[in-house]
Amino acid sequence: MALKDGMQGREYDKFLADSSGNTAIRTISVAGSGSESLAYATGSLSNVTATETAVTDLNNVALDGKKGSWFVYNDDTDTGGEAITFRMYAAYVSGASDWTASTDAQWDQVGSDISVSAGATKHIPFNNVYRNVTLTAAGPGVTDTQDVVAQLYAVN
């Protein structure tokens, strides 16, 4: 089936009928375009304190050369409304241990500190390729309960 009669703009074999008789667009998958090229992780952290802490389930995420973005949300549940500081770390060491303040020989901070105000969402993209990444958070050190919700998307 062609969309146009002339040679310019012909699109043969782009459409086909699915099993129910509806028209569908034909797609193909190639190596590296499927879920194996996507890294997705989500994490959270309750009661953010002044001590820098890795966000749960986002510590030492293997990217193996993918570029991506963090999406972070400061879900301040009290009326204080303090900002949270986020930091991204990368490790190139094969078999790097999880990030802690004492393992900073394996981890290097990438980029600047990112401050996210209470109730705000921030998109933090990165275009360099990394082997392993970690997202950390630190609060102002007051007694407020602040929660973090974060997601990481990375693709080849």
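The values are calculated or read from the model by the stated rules, or taken from the named source; none is laboratory data. Since this is a predicted model, take the numbers as computed values, not measurements. So basically every Cβ, Gly included, is an ideal-geometry build from the backbone, and we count neighbours across all protein chains shown.
A few notes on this one:
- Phe71 meets all of the listed conditions (1) more than 13 Å from the chain's Cα centre (by Cα); (2) in a strand (DSSP E or B); (3) not acidic (Asp, Glu) but one, namely (1).
- Yes/no for Ala83 being of a type in the set (A, V, I, L, M, F, W, C) and farther than 16 Å from Tyr40 by Cβ: yes
- Cβ-Cβ under 6 Å pairs, at least 6 apart or on other chains, the stretch 78-107 side among the basic types (Lys, Arg), far side surrounded by 15 or more Cβ atoms within 10 Å (Cβ to Cβ) and modelled with pLDDT under 85: none
- Single residue of the stretch 50-82 satisfying the filter (polar (S, T, N, Q) and either modelled with pLDDT under 80 or in contact with a Leu (Cβ under 7 Å, 6 or more places away or on another chain) (or both)) that is farthest from Ala101 (Cα to Cα): Thr79
- Of all residues making up the stretch 80-95, the number that are of a type in the set (Ser, Thr, Tyr) and part of a strand (DSSP E or B): 2
- Of all residues in the stretch 19-49 being modelled with pLDDT of 70 or more and not in a strand (DSSP E or B), the one that is surrounded by the most Cβ atoms within 10 Å (Cβ to Cβ): Val48
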